[in-house]
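**Q** Just dropping this structure here.
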Amino acid sequence: MGLPSPVIRFDDVGQVFGKDDGSAIKALEGLNFEIGRHEFVSVLGPSGCGKSTLLRLIAGLIKPTSGTVEIYGMPVTEPRDEIGIVFQRPTLLPWFDVLGNVTFPMRHKYGRVTLTETKRAQDLLALVGLADFAKKRIDELSGGMQQRVAIARALLLDPDILLMDEPFSALDALTRDEMSFELLRIWTERPKTVLFITHSIPEALLLSDRVLVMSSRPGQIRETLDVPLARPRSMASLSEPAFHELANHIRGQLFSRPAA
């Protein structure tokens, strides 16, 4: 039997954005990579290298200028139900309580929320540790709790693929660490194919099976690295020699200038 087909595939993908003055910005160039089923892959790279553009291409929010983005072997041409997205900020609706925010995708798509869907939303709130906060207003929650609500909302439609665009970057250091371990727990209990955008090397190594290191703009895949840390991971994983060796290697890649 052959190898299973990838869930996500980039084939020589480039992205160019036009400016009002008629000039153009080449955001991505020649991207080639694949992500397998239930694989957790993080993307690291300097600011402005096209990480979020890469995510938007997978989500079907924009179309590539060149090359092909595929999901399950089919070109991505529009947003798809099997994809859930968690953004840098939770973008919750203040006129709904916590439960209302989690069930909003159903209300938005179908104009109603069934009892079964409400029960699923309550189960997801329990999964992210917010079972007792279903009726709370959004402004009563901390930043970390709001991001948990956003994760629960993204999981409501039970997507096969979860795209996360620097979801913890606005949090303080302690909350960010807490949310990283919480995400690991959720991913272990309910496996998804995850693409995780981050600027944090420790965060990427703690969470991922592989790390894609991008170059400066136009963004290209500079290196693909397997993370040789056994799962399940814990605070002890951060002290392993392999963790420090790989972190130092990635720092060298990110902060060194490419050869002329």
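**Q** Tell me, in nm to one decimal, what length is gained between SER216 and LYS135 on full extension, where the rule is 0.36 nm per residue of separation less the Cα-Cα distance?
**A** Taking 0.36 nm per residue and subtracting the Cα distance, the gain is 24.7 nm.
**Q** While we're here: How big is the range 1-51 by the Kirkwood estimate over distinct Cα pairs, in Å?
**A** Mean inverse Cα-Cα distance, inverted, gives 13.3 Å.
**Q** Strictly over 24 Å apart at the Cα level, which of LYS19/LYS63; LYS136/LYS192; LYS51/LYS136; LYS19/LYS109 would you flag in this model?
**A** Check vs 24 Å cut-off fails for LYS136/LYS192; LYS51/LYS136; LYS19/LYS109.
**Q** Separate question: Through the Karplus equation 6.51 cos²θ - 1.76 cosθ + 1.60, θ set to phi - 60°, convert the phi angles of the range 108-114 into ³J(HN,Hα) values in whole Hz; use x for Gly and Pro.
**A** Working through the residues one at a time gives 5, 7, 10, x, 7, 10, 7 Hz.
**Q** Which value, in Å², gives the accessible area per residue of the range 43-129 when a 1.4 Å probe is used on the protein heavy atoms?
**A** 50
**Q** Each residue of the range 34-48 in order: what ³J(HN,Hα) in whole Hz does its phi give by Karplus 6.51 cos²θ - 1.76 cosθ + 1.60, θ = phi - 60°, with x for Gly and Pro?
**A** 3J(HN,Hα) across the range 34-48, in whole Hz: 10, 10, x, 4, 6, 7, 10, 10, 9, 10, 10, x, x, 4, x.
**Q** Kirkwood Rh over Cα pairs of the range 81-197 into Stokes-Einstein at 25 °C, 0.890 mPa s: D in µm²/s?
**A** Taking Rh from Cα pairs, D becomes 174 µm²/s.
**Q** Shifting gears a bit: Given an 8 Å cut-off on Cα distances and at least 6 residues of separation, report the relative contact order of the chain as a percent.
**A** 25
**Q** Also: For every other residue with a beta carbon closer than 11 angstrom to the beta carbon of LEU141, add +1 if it is Lys or Arg and -1 if Asp or Glu, then tell me the sum.
**A** Counting the neighbours of LEU141, the net charge comes to 0.
**Q** Separate question: Running Debye on the chain with equal point scatterers at the Cα sites and no solvent, what base-10 log of I(q)/I(0) appears at q = 0.17 Å⁻¹?
**A** -1.38
**Q** Then there's this: Taking Cα centroids, how far is the range 147-191 from the range 111-140 in Å?
**A** 16
**Q** Sticking with this structure for a sec: What are the residues whose amide H is under 5 Å from the amide H of GLY219, where those residues sit 5 or more places off or on another chain and H is modelled from the backbone?
**A** For GLY219, the qualifying residues are LEU28, GLU29.
**Q** Then there is this: Calculate, in nm to one decimal, what HIS108 and SER5 gain on full extension: separation in residues at 0.36 nm each, minus their alpha carbon distance.
**A** Here the segment from HIS108 to SER5 would lengthen by 33.8 nm.
**Q** Okay, next question. Note the full-extension length gain between ALA173 and ASN32 as 0.36 nm times their separation in residues minus their Cα-Cα distance, in nm to one decimal.
**A** 47.5 nm is the gain from fully extending ALA173 to ASN32.
**Q** Tell me the label-point distance for the pair TYR72, LEU115, using the 7 Å Cα-to-Cβ offset, in nm and rounded to one decimal.
**A** Inter-label distance under the simple model: 3.1 nm.
**Q** Of all DSSP beta bridges located in the chain, what percent are antiparallel, nearest 5?
**A** That works out to approximately 55 percent antiparallel.
**Q** For the range 1-80, what is the relative contact order in percent, using Cα pairs closer than 8 Å and at least 6 residues apart in sequence?
**A** 37
**Q** Give me the percent of accessible area attributable to carbon and sulfur for the chain, probe 1.4 angstrom.
**A** That share works out to 53 percent.
**Q** Residue-wise, which Karplus ³J(HN,Hα) couplings in Hz belong to the range 225-241, taking 6.51 cos²θ - 1.76 cosθ + 1.60, θ = phi - 60°, and x for glycine or proline?
**A** With coefficients 6.51, -1.76 and 1.60, one gets 10, 6, 9, x, 9, 5, 9, x, 9, 8, 4, 5, 4, 5, 9, 5, x Hz.
**Q** Starting from the Cα of ASP158, step 7 Å along the direction of its Cβ; do the same at SER142; then give the gap between the two resulting points in nm.
**A** Simple spin-label model gives 3.2 nm for this pair.
**Q** In nanometres, what is the gap between the two model label sites at ASP21 and THR91, each 7 Å from Cα along Cα-to-Cβ?
**A** 2.9
**Q** Next question. Please work out the Kirkwood hydrodynamic radius for the range 118-260, using every pair of different C-alpha atoms, and report it in angstroms with one decimal place.
**A** Result for the range 118-260, one decimal place: 16.7 Å.
The values are calculated or read from the model by the stated rules, or taken from the named source; none is laboratory data. In this text the structure is predicted, and so the values were computed from the model without any measurement. Glycine also receives a Cβ, built like all others from the backbone with ideal geometry; neighbour counts cover every protein chain displayed. What goes into the accessible areas is simple: the full protein's heavy atoms, side chains included, and nothing from ligands, DNA or RNA. Shrake-Rupley method; radii C 1.70, N 1.55, O 1.52, S 1.80 Å.
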